[in-house]
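Before any comments, here is the structure.
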Amino acid sequence: MIIDAHTHVFSEEQIAARAVLCGTDPTFAELYADPKAKLATAAGLLTELDAGAIDAAVVAGFAFANSAQIAGQNRALLEAARANPRLIPVATVNPAQPAWRAAAEQALADGARGFGELRPHNQGWDPLGAEGKALCSMAREAGVVLLWHVSEPVGHRYPGKAGGISPVELCRVAETFPTLRMVAGHLGGGVSFFLYMQEMRTILRDVFFDTAAWRFLYDEGSVAQLVAQAGASRVLFGSDYPLLSPKGELQRLRAVLPDAAAASVCGETAETLFFGTEIE
Ligand SMILES: [Zn+2]
């Protein structure tokens, strides 16, 4: 199986309400006020998957702050995933909102395979605080995945860079919640280097890394380096669609990785993580 493990879609209603959402959600505005920034539907994603001969995709929405937007988004996403099993949905949550637990439990009951892409500091919660711990406990208990927006603590700025979890915070969450399976987006913001430390290898045992948007962040050799650090069975191909084309990103990964590593990264790792099939 070929799986794109990092994509984003919106409902038709939210795409139609783009200007309104830019006025109400500062993080949404940061990413999407620019009319050149694309918004996609689940149908658009499926067309792109077909174009790239990609079997399935992990699909997230967007980390809205507002509960009503989150509810509408999760409803549409989970409905699309029920209609098409090629879509592996991860639901949006905002633990800073009072009624978030019930909404998150409902999303799990409706088929969510995890939560993400998590942007705690955009939404106003602390991943190491009470709300963050409650979310991690819930995910670990349910056996689902947390997909975090992790960005580089250094380097150039771009819309949406800040507001996720920092590499250090991610290490602390992993230490507090062993066996909680987490995906560190965007090559993990440097976390993988710490896998060269024996104690961090243990702490980070259940942390995976995706390649979302790497062409905008790192050099050509970075993914092979990540595979060397973490192992191919811990790295997932992610395009960050609609920011980038799944087909194009898949080709780019296959060009920089040996075949066996590419097979893991482009599908087997995500299969294990989201479908529980055993690979070694
Ligand atoms: Zn991200």
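For this structure, a couple of remarks:
- Most to least packed among 49-55, 269-275 [average Cβ atoms within 10 Å]: 269-275, 49-55
- Share antiparallel - DSSP beta bridges, the chain, percent rounded to 5: 0
- Entries of K36/K161; K133/K247; K38/K133 with Cα pairs more than 27 Å apart: K133/K247; K38/K133
- Coarse-grained scattering of the chain at q = 0.09, 0.12 Å⁻¹, given as base-10 log I(q)/I(0) from a Debye sum over alpha-carbon atoms: -0.36, -0.67
- Net charge of the neighbourhood of L46, taken over other residues with C-beta under 15 Å away and scored Lys/Arg +1, Asp/Glu -1, is -3.
- Contour excess over end-to-end distance, with Cα ends at K36 and A109 and 0.36 nm allotted per residue: 22.7 nm
- Sites A71 and A162, calculated FRET efficiency, Cβ-Cβ separation with R0 25 Å, nearest 0.05: 0.45
- Longest to shortest principal axis, alpha-carbon extents of segment 136-248, angstrom: 35, 28, 26
- Sorting D4, D219, D206 from the fewest to the most surrounding beta carbons within 10 angstrom yields D219, D206, D4.
- Once the chain from V154 to N84 is taken as fully extended at 0.36 nm per residue, the excess over their C-alpha distance is 21.3 nm.
- Spatially, segment 219-246 and segment 29-49 are offset by 21 Å when compared through their Cα centroids.
- Neighbour net charge for F28 - beta-carbon separation under 11 angstrom, K R +1, D E -1: 0
- Each of G129, P246, A232 was placed along the dipole of the chain (beta-carbon charges, centred on the mean Cα), and the one lying farthest toward the positive end is G129.
- Residues in segment 96-113 reached by a label modelled at A130 [backbone nitrogen below 15 Å; 7 Å Cα→Cβ]: 96-101
FYI, it's all coordinate maths here, none of it is from the lab. Quick caveat, the model's predicted, so the values are computed rather than measured. Because the Cβ atoms are built from the backbone with ideal geometry, glycine has one as well, and the counts that use them run over all protein chains shown.
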